[in-house]
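Have a look at the structure below before the remarks.
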Amino acid sequence: AGLESGPLAGHREPPLQLPHPAELLLLLSCPAFRAHFAHLFGSETAEQWRFASTAPDAEVSEDEEEDQLRALGWFALVRVRPIPEEEADERGPRVAVAPLGAVPKGAPLLACGSPFGAFCPDIFLNTLSRGVLSNATGPLLLTDARCLPGTEGGGVFAARPPGVLVALVAAPLCWKSREWVGLTLLCAAAPLLRAARTALGRLRPCAASLAALLPPEVGAPWGLPLRDPGPPWAAAAVLVECGTVWGSGVVVAPRLVVTCRHVAPREASRVVVRPTTSKSAKIWGHVVFATRETSPYDIAVVSLEEDLEGVPIPVPTEHFHKGEAVSVVGFGIFGQACGPSVTSGILSAVVQVDDTPVMLQTTCAVHGGSSGGPLFSTHSGDLLGIVASNTRDNNTGATYPHLNFSIPVTVLQPALQQYSQTGDLGSLRELDHVAEPVRVVWRLQQPLAEAPRSKL
Amino acid sequence: MGRQWGPAMRVAEQTGCVVSASRAGQPEAGSWSCSGVILSRRPGLVLCHGGIFTPFLRAGSGALTAAGTAFLPGDSCGEDLRLHVQWGPTAASPVGRPERGRPALCTPQC
C-alpha cells in the first residue's frame, strides 16, 4: 500500500479551473457506523485511541480534538452550483456502490483522496493509495491503504467488481497508545447513501428528487448483502487464549495449532483456541511444546482436544521470493472484538545463515496481538511463516508496525511433521539448540562473517 | 498498477474532488478542506466528510452527538458558510482565499 499519483497525473490538462461554488444540502451519519465505533473504540480504551489528523504529540486543543472525534462518523451531501454543460458531459461514467458485505476481508482496495485537502491541489489532488480490506464490523471498515490528513471523505474503490465505490475515508490516521497503527478507518458507502436517501426524503420536497440521482448498489438484491468468505487461507488464523494472555495462532493440522511462546509460554498449560469459521466455537487444548526463553525462535505448539472442523490446513512453502506480495492475518488491534485483520505488503527481506532462511521481514502492518499469526503468500496462499514481532526504537519509543519479523515455516515444518506423525518432540526440542549465528540474527545484530580470531 | 486497477483508477480519478469551506467576508479566518466523491454531475452532487462543517454549526459540535441524530439539514450551519468544490484537471487556489493552517510541508533530502 502506498501513495501513488494517478494515471493521468502526467497528463494534467491546462488551463486550471477555479473551484465551483456549492451549497450544503445536509450533514449525515450512519448510525450503525457510530454504534460499531463506540463498541470498538469507546469506553475503557477511549483514551488509548486517537484519530487526530495530526501526530499524537502535536498541539491540538482539547476542544478541537473533541470536535474531530464527534465529527468522525459524519459526512456531508453538497450540491454544486450548475456545472457548465461541457464539463458535466466530460465527467465519464457514474459511480456504482458495493452492497455492505460484498467485498471480502483481504480484497484489494484503491483509495483516492487529496492529502492536505485544498492546500495544493496542483500537486495533491486525487492521489491514489492501495491496500486491502483489513477488517470489517458492520459499516465500520479498516484498510491498510495508507492515507493522510485531508483525504477524509475520499472514495475507496474495489478492483472487483471494477471501480465500485466501497467506502469513504472517515479517519486517515489512527493512533493507539501513542503508536501509529498504519490503518485507515472507513465508513461503508452503501449504508451512508441509504441514510442520504432517507434524509433527502425528509427534507424540503424538492430535495427528495435528488435521491434518485444517488448511485445505485450493484448486484445484490436490496438489503441482502453478499458475504463473500474472502481468501480461503485467512480462515487458518485462530485466536489463542492462555489464561489472561491472548494472541494469534495458525492451524497446521486438524488438531495442531502453532503460536508464539510469549502467548502460551508453559508446557501443559491449558489453552482455548477460537476459530474464525464460527464465532461461537471454542476448542480446548494444551501446550505440548514451547521453546525456552533462550531460543531465538519464539514458538509454542498446542494440541487440541478435538478436530477443528472446516478450517483449511495451509500448505507450507518450501521457497521464499523476496519482494513477493504477502499477507499477515492476526488478531492485533481488535483481538476478539471483530475477528482477525488482514494486512498486505511484500516480503522485504529473507535473512539466511549458511544459505538457510532463519528470519523473514515484511512491510505488512503488524500490531500487538498479531504474534503467532500466519504470514501467507498472497497469490499462492502458501504459509510462509509465523509472525513473531514488530519493531520498536528504544531511543525514541516509536514503534514501526511496518517492519516485522517472522519465523520461516521451513524452520518448523520437519519438526511439526514428525510430531504429527509420531508424537515425538525430539525435533521440536532441537529448536532450543540453535546455532549462535542464528541467535545473533534474532538479536538484530549483524551475523559475524566468521568467528573472531584470537590474537594469541 | 496492474491491469485490474484500470477501471477503479478511472472512476477514482473522475469522481475525486476537494471540498473547501470558509467564512464569507473573513478570509483571515482561513478555510477547512477535505476530499470528496462526485456522485452525480447534473446537478452536481458531492459526498464528502462532515468534519469541515463543525466550525460552522450554529449549535456547535454537540449537535453531532445529540441522541438519535442521524442527519442535520443544510441550514444547521450559519449563513457565513462558503463552500467550493474543485476537481481535476487541477485548479489553483481561488483568488482571495488565503489558506489557513497550511501544513508546513517540506521535502527534506533523504
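Among residues other than residue A:182 with Cβ under 13 Å from its Cβ, the summed charge is 0 (Lys and Arg +1, Asp and Glu -1).
At each listed q (0.14 Å⁻¹), what is the log10 of I(q)/I(0) that the Debye formula gives for the stretch A:247-297 modelled as equal alpha-carbon point scatterers? Values returned for q = 0.14 Å⁻¹ are -0.36.
3J(HN,Hα) couplings calculated from phi for the stretch B:17-31 with the Karplus curve 6.51 cos²θ - 1.76 cosθ + 1.60 (θ = phi - 60°) are, in sequence order, 7, 10, 10, 10, 10, 9, 9, 4, x, 10, x, 5, 6, x, 9 Hz; Gly and Pro show x. Taking amide hydrogens as placed 1.01 Å from N in the peptide plane, the amide H of residue A:392 sits under 5 Å from those of A:400, each at least 5 positions away in sequence or on another chain. Applied to the stretch A:126-135, the Karplus parametrisation 6.51 cos²θ - 1.76 cosθ + 1.60 on θ = phi - 60° returns per-residue 3J(HN,Hα) values of 6, 6, 9, 9, 10, x, 10, 6, 7, 7 Hz, with x for Gly and Pro. The order of A:386, A:283, B:38, going from fewest to most other C-beta atoms within 10 Å of their C-beta, is A:283, B:38, A:386.
The stretch between residue A:336 and residue A:293 holds 12.8 nm of extra length on full extension. This uses 0.36 nm per residue minus the Cα-Cα distance. Between rounded, prolate and oblate, where does the stretch A:291-446 land on the alpha carbon gyration tensor, with a ≥ b ≥ c its root eigenvalues, rounded for a/c under 1.5, else prolate if a/b exceeds b/c? The shape class here is rounded. Normalised by the number of residues in chain A, the mean separation of alpha-carbon contacts (under 8 Å, six or more apart) gives a relative contact order of 12 percent. log10 I(q)/I(0), Debye, Cα-only chain A, no solvent, q = 0.06, 0.09 Å⁻¹? Treating every Cα as an identical point scatterer, log10 I(q)/I(0) equals -0.30, -0.65. Close amide-amide hydrogen proximity is noted between residue A:120 and no other residue 5 or more places distant or on a separate chain, at a cut-off under 5 Å (H modeled in the peptide plane; Pro and chain starts excluded). In this label model, residue A:198 and residue B:69 are separated by 1.7 nm, measuring between points 7 Å along each Cα→Cβ vector. Does a label point 7 Å from the Cα of residue A:23, set along Cα-to-beta-carbon, have any residues of the stretch B:9-53 with amide nitrogen under 15 Å, and which are they? Counting only backbone N, you get B:43-46.
Look at the stretch B:69-80: the mean tally of other chain Cβ atoms within 10 Å of its residues' Cβ atoms is 6. Near residue A:371, the amide H atoms lying under 5 Å from its own belong to A:248; only residues 5 or more places off or on other chains count, and H is placed 1.01 Å from N. One chain, two ends: residue A:318 and residue A:306. Fully extended at 0.36 nm per residue, the span grows by 1.5 nm beyond their Cα-Cα distance.
Packing around the peptides A:99-106, A:369-376, taken as the average count of other Cβ atoms within 10 Å per residue, puts them in this order, highest first: A:369-376, A:99-106.
Shape class of the stretch A:116-178 from the alpha-carbon gyration tensor: oblate, with a/c at 1.5 or above and b/c at least as large as a/b. Residue order for A:74, A:180, fewest other beta carbons within 10 angstrom first, comes to A:180, A:74.
Treating the beta-carbon of each Lys and Arg as +1 and of each Asp and Glu as -1, no other charges, what is the dipole magnitude of chain A about its Cα centre, to the nearest 20 debye?
680
Extension gain, residue A:267 to residue A:66, is 67.6 nm, computed as 0.36 nm per intervening residue step minus the present C-alpha separation. Helix A:189-202 axis versus longest C-alpha principal axis of chain A: approximately 30°, rounded to the nearest ten. Converting phi to 3J(HN,Hα) with the Karplus coefficients 6.51, -1.76 and 1.60 and the offset θ = phi - 60°, the stretch A:337-346 yields 5, 8, x, x, 9, 10, 10, 10, x, 10 Hz in sequence order, with x at every glycine or proline. Neighbour counts of C-beta atoms inside 10 Å place A:389, B:31 in the sequence A:389, B:31, starting with the fewest. Label-to-label distance for residue A:391 and residue A:39 is 3.6 nm, based on points extended 7 Å past Cα in the beta-carbon direction. Calculated mean residue ellipticity, 222 nm, chain A: -4500 deg cm²/dmol, from DSSP H runs (n ≥ 4) at -39500 (n - 2.57) each, averaged per residue and rounded to 500.
When the charge dipole of chain A is built from unit charges on Cβ atoms (+1 for Lys and Arg, -1 for Asp and Glu) and taken about the Cα centre, the candidate among A:20, A:135, A:112 whose Cα reaches farthest toward its positive end is A:135.
Laboratory data are not the source of any read-out in this text; all were calculated from the coordinates shown. As the structure is a computational prediction, the values presented were derived from the model and not from experiment. Here the Cβ is made from the backbone with ideal geometry for all residues, glycine too, and neighbour counts use every protein chain on show.
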